[in-house]
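Notes for the one structure printed next.
Read-outs: derived from the displayed coordinates by stated rules, not from any lab. Note that the structure is a prediction, hence the values are computed from the model and not measured. Here Cβ is always computed from backbone atoms with ideal geometry, including for glycine, and neighbour counts include all displayed protein chains.
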Amino acid sequence: MPNSVSEIQGETVVYAARRIITMEPTQPDATHVAVRDGRILAVGGPDVADAWGPARRDDRFRDAVILPGFVEAHSHMMTGALWDYLYCGNVDRMDPDGKVWAGISTVEELIDRMKTAIEALPEGKPLYCWGFDPLFFAGERLNRRHLDQAAIDRPIAVMHQSFHLMTVNSQALSLAAYDSNTNAEGVVRFPDGTPSGELQEMAAMFPIMRRLDVQMQTLAQGEHAIRQFGKAAVQTGVTTATDLYAALEDAEVETLLQVTAADDYPLRIVPALGVIGMDPNVAAQRALALRARSTDRLRMGICKVMTDGSIQGFTARVKWPGYINGAANGLWNLEPDRLKEMVRVLHAAGLNMQMHTNGDEASELMLDAIEEATVLHPNSDNRHTLQHCQMAGEDQFYRMARLGVCCNLFANHLWYYGDAHVEFTLGRDRAARMNACRSALDNGVTLAIHSDSPVTPMGPLHVAWCAVNRVTPKGRVLGPNQKLSVPEALHAVTLGAARTLKLDRDIGSITPGKAADFAVLGDDPLTVAPEALRDIAVLGTVQAGRVFTR
Amino acid sequence: MMPIPVTLIAGYLGAGKTTVVNSLLAEANGLRICVLVNDFGEIALDEDLIINRDGDTLALSNGCMCCTIGNDFYAAIDRILRLDPRPEHLVIETSGVADPFKVGQIALAEPDLSLQGIVVVVDAVNFEASLADKFLGETLKTQLASAGMVVITKTDLVNEAVVETLRSHLARLAPEAPRLVADLGRVPSDMVLEPMAIRFKRGGHDGHDHLHDHGAEYRTWAWRGDQRLKADDLEALLRLPIDGLYRLKGIVQLTDGTWRSFHRAGAQQNWQSVQPPSPKRGRAVAVGLADQFDPVELETAFSAILV
């Protein structure tokens with residue numbers, strides 16, 4: 001755990017900083033903030049707390065820049081415990097303990113890393129890896145022959161960064177009896193007909209995962225997962241994070257309540273009840289019951305609706321003219337009529353829905369559904385939020401504004417998948433308008449931006465950097481007219497994100513009365529070059545007045 | 001351990017998938033079927049049939065069971081594979097927007113499962129509108145392209161012209177799949193659960209096990225009852241010329257009290273003495289080419305020999 005400092009009841013602490021960026025129009029800048037009982041007492045200069053009696057001055061952030069604690073409004077609990085597996089990605093990535101794992105890009109580096117990890121494993125125990133991305137890996141496509149060099153006497157499974165692919169060694173293949181007679185299309189073959197070790201999509205991965213007892217669910221549940229999630233948040237300046245598709249069964253809710261109540265737990269978690277597969281009325285009752293059990297650090301009651309798949313997986317529902325490679329349109333998660341019924345019932349119950357919509361046909365369906373629900377139940381201010389919403393056009397942003405719908409755009413995608421979208425999925429013109437942050441703001445839509453961690457690494461400064469620069473690894477700038485200014489991007493990872501979760505009365509800006517949630521940075525995002533935004537060091541967080549340093 | 005045969009029942013919302021599933025459960029004939037559904041809501045089971053209800057599982061007195069998928073399809077499959085004893089057949093009712101080709105991959109990949117077939121249910125009333133729906137049309141085409149068999153429901157609610165249009169759509173969208181007209185929603189479980197052509201690749205035609213003429217359309221007839229038959233009458237019936245009859249099979253009690261199973265396929269007939277079934281009830285099912293076979297004709301001939 002990062003070292004935490006518990007505050008004393010009733011004590012006033014005044015933090016001095018090089019600069020405090022508040023996100024409040026009345027007073028955008030300050031140098032001092034007074035905190036009492038976990039909340040912001042006053043914001044201003046050195047005399048900020050004079051009117052409030054005795055105060056303890058704390059200068060530890062004297063050289064740092066303080067922002068409102070970042071709000072990651074689309075992430076998943078698995079972010080932390082995934083590090084129980086061996087990281088094999090191509091980018092440098094920080095684990096929940098703050099250790100940076102260097103990216104690897106060759107077979108040799110991969111095998112070396114695996115061998116080192118295997119030395120610490122009991123005999124015969126499988127090795128699980130994650131984060132591997134074949135797009136950025138030099139040489140021949142990763143296959144079982146490579147992994148067999150690391151071990152032939154124990155199973156090895158490498159989960160790719162997309163979570164849709166896996167590569168395994170020969171021993172793992174034999175566990176699932178995969179051979180030349182296996183007909184499943186996801187079991188990739190060598191030219192000689194034998195399985196190459198690459199397994200595409202869950203149907204092909206599942207028989208291996210069952211036999212290796214890999215349960216992604218356990219990475220997203222239980223005390224360890226919750227604690228690791230909290231640690232990962234501190235590393236990136238996040239003080240409030242969603243777990244944006246949670247089963248929230250009774251036992252898990254108990255665990256969440258218990259773990260987040262600990263004095264040293266550094267994060268406010270906002271789990272969204274995954275409602276797909278539930279009867280709409282049951283889902284509504286469940287969400288309302290959960291909402292009633294919320295605490296400050298566990299905010300339940302929002303719901304997650306899934307509509308389509310992913311663009312790079314060609315499973316997003318895309319309007320004409322579709323995918324540039326001619327791939328068939330993607331998949332709905334649920335019948336459009338059932339989705340509409342779900343939206344109608346949850347909306348009528350006054351619940352907030354976070355709606356996964358990657359393709360523009362999916363966002364259109366959800367806007368239709370919200371409009372129909374609003375006619376029947378004219379609730380105001382539900383703040384339903386289109387999540388990802390990567391392909392929305394001007395018409396849809398305009399409509400969102402008219403309907404009071406927010407959007408949480410997947411800005412990180414511009415960097416991590418931008419080149420792929422230009423070359424393989426949507427082509428240059430539609431890739432340029434992906435995650436159109438400028439259009440959202442110009443149409444008056446409440447905007448958040450996100451990482452979808454662990455799909456891309458958690459890190460609001462990186463997400464903001466993407467929205468500001470819109471560059472790709474190959475040096476393309478995707479839709480320069482859609483760039484945000486740095487203040488706008490910072491707003492989208494703080495107050496904007498808080499608004500989409502209906503938490504802006506408590507968090508998202510630095511103003512008296514709100515939670516004392518701060519991201520503590522090593523440099524000033526408003527003065528560094530916009531290109532360097534993502535390089536600013538995160539020194540730690542303050543969460544409800546408690547200090548967590550890295 | 002033998003892999004569990006898997007049959008998918010696909011089709012859009014309202015096509016009649018649940019009717020087909022209900023009919024499979026009601027006519028399981030001793031086969032311990034496990035049905036995986038999105039929710040129990042529409043499964044119209046006789047309350048007497050349910051012997052245990054445990055969260056996501058219903059156990060039925062005929063040995064069958066029903067499980068809900070919940071929010072994790074693979075976790076549900078895992079639960080079923082851990083059952084002891086394992087079911088003898090797994091029927092998966094996919095969601096109305098599922099791509100059965102993709103859902104079926106699990107039964108091709110998992111060594112403990114074996115894909116028997118993909119049945120796509122369409123209904124004569126809503127097919128045309130669903131095909132034209134901008135959010136659904138393409139999904140429907142994708143489903144039909146994977147069909148090993150198409151079951152058509154609700155033909156009794158529309159006029160013949162509508163059925164003709166439906167036929168021409170199916171001839172184009174699923175040219176290789178035999179079609180089964182489910183009169184009054186009844187389908188013979190053996191025919192739906194038996195192995196059918198499986199497409200292993202998108203757009204490929206490498207299916208095996210072609211049991212049917214491509215694109216042929218079938219009608220069915222079914223009987224259940226306690227009446228008995230004379231052995232001679234049964235043998236005569238099995239030889240009786242019946243236009244378009246593709247298959248007739250069943251098990252009946254003879255007037256001497258013994259039980260006999262019979263089977264007629266094309267010009268072949270056979271029958272043999274068997275142990276009484278459980279429950280002790282006679283049953284028979286027939287399938288014939290839709291444009292020739294008249295279920296009423298068979299019904300008349302069969303009723304005439306019941307004692």
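Values for this structure:
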item: Too-long pairs where the Cα-Cα distance tops 18 Å, listed order kept, from A:99/A:231; B:141/B:201; A:304/B:134; result: A:304/B:134
item: Check: the range B:155-200 dipole with +1 on Lys, Arg Cβ and -1 on Asp, Glu Cβ, in debye; result: 220 debye
item: Pairwise label distance in nanometres, residue A:140 with residue B:138, each label 7 Å out on the Cα-Cβ vector; result: 3.7 nm
item: Eligible lysines near residue B:280 by straight Cα distance, threshold 19 Å, same-chain separation 8 or greater; result: B:230, B:249
item: Exposure proxy ranking, count of Cβ atoms within 10 Å, fewest first, for A:32, A:413, B:169; result: B:169, A:32, A:413
item: Selected from B:105, B:40, B:62, residue furthest toward positive end of dipole (the range B:4-123; charges at beta carbon); result: B:105
item: Residue order, fewest to most surrounding Cβ atoms within 10 angstrom, among A:170, A:380; result: A:380, A:170
item: Calculated [θ] (222 nm, deg cm²/dmol) that DSSP helices of n ≥ 4 give over chain A, each run adding -39,500 (n - 2.57); result: -8500 deg cm²/dmol
item: Charge tally in the Cβ shell below 14 Å around residue A:525, where Lys, Arg are +1 and Asp, Glu are -1, residue A:525 excluded; result: -3
item: Dipole magnitude of the range A:332-491, debye to nearest 20 (Cβ charges: Lys/Arg +1, Asp/Glu -1, about Cα centre); result: 520 debye
item: Cβ neighbours within 10 Å from other chains - mean over A:200-211; result: 5
item: For the range A:195-352, share of DSSP beta bridges that run antiparallel, in % to the nearest 5; result: 10 percent
item: Which of A:220, A:193, A:204, positive extreme of dipole for the range A:188-239 (C-beta unit charges); result: A:220
item: Local net charge near residue B:231, Cβ-Cβ under 9 Å (Lys/Arg +1, Asp/Glu -1); result: -2
item: Relative contact order (percent, whole number), chain B, Cα cutoff 8 Å, 6+ residue spacing; result: 16 percent
item: Relative packing of peptides A:523-529, B:5-11, B:268-274, A:69-75 - highest average C-beta neighbours within 10 Å first; result: A:69-75, B:5-11, A:523-529, B:268-274
item: 10 Å Cβ neighbours from other chains, averaged over peptide B:89-98; result: 3
item: Length-normalised contact order of the range A:385-452 in % [C-alpha pairs under 8 Å, at least 6 apart]; result: 47 percent
item: Aspartates and glutamates whose Cα lies under 18 Å from that of residue A:474, excluding same-chain neighbours fewer than 8 positions away; result: A:92, A:133, A:419, A:423, A:429, A:531
item: Cα gyration tensor shape of chain A, rounded if a/c is under 1.5, else prolate or oblate by comparing a/b with b/c; result: prolate
item: Packing-based ranking, highest mean first, of A:154-165, A:124-135 given that Cβ atoms within 10 Å are counted; result: A:154-165, A:124-135
item: Most positive-pole-ward Cα, A:414, A:459, A:440, against dipole of the range A:392-470 from beta carbon charges; result: A:440
item: Overall form of the range A:231-311 per C-alpha gyration tensor (a/c, 1.5; a/b vs b/c); result: oblate
item: Three-way shape label, the range A:455-550, alpha-carbon gyration tensor, a/c 1.5; result: prolate
item: Relative contact order [Cα under 8 Å, 6+ residues apart], the range B:243-307, whole percent; result: 38 percent
item: For the range A:392-398, 3J(HN,Hα) per residue [Karplus equation, 6.51 cos²θ - 1.76 cosθ + 1.60, θ = phi - 60°, Hz, x = Gly/Pro]; result: 3, x, 3, 4, 6, 5, 4
